């Protein structure tokens, strides 16, 4: 399946359409979500085979937490509850020092370059 072409799902999303679907398509956010889902599934496969995994992506702020959280959500139904999700966010995001303020545009430096960064 070609997930890079969203015009089949959202007519008019290509060709410079500045509407919601065009902006969503241009952001490549859905491609990022797809990669996190696939990465989480691959990690689950490896763990279920008895393999060990060390996860660390570039600086460790974004994709590391995203991949580990997705894997935990897929493996353990407890973390799909409200209480479990709060525990997961606390453990994998807050305790690991995720830069929520910078990612949401609440950076102390006020540098707009940091607001949209989603790398990891």
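Here is how the numbers come out for the structure above:
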item	result
Calculated on alpha-carbon atoms, Rg and Dmax of region 31-102 in Å	12.2, 38
Label-point separation in nm, residue 24 to residue 89, each point 7 Å along Cα→Cβ	2.2
Residue order, fewest to most beta carbons within 10 Å, for 92, 48	48, 92
Neighbour-count order for 27, 52, fewest beta carbons within 10 angstrom listed first	52, 27
Förster-model FRET efficiency, 25 Å R0, residue 51 and residue 76, C-beta, rounded to 0.05	0.90
Proxy reagent accessibility, fewest Cβ within 10 Å first, across 88, 31	31, 88
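The numbers here are math on the coordinates, done by the rules we state, and not lab data. None of these values were measured; they are calculated from a predicted model. Positions of Cβ are generated from backbone atoms using ideal geometry, with glycine treated the same way; all protein chains shown enter the neighbour counts.
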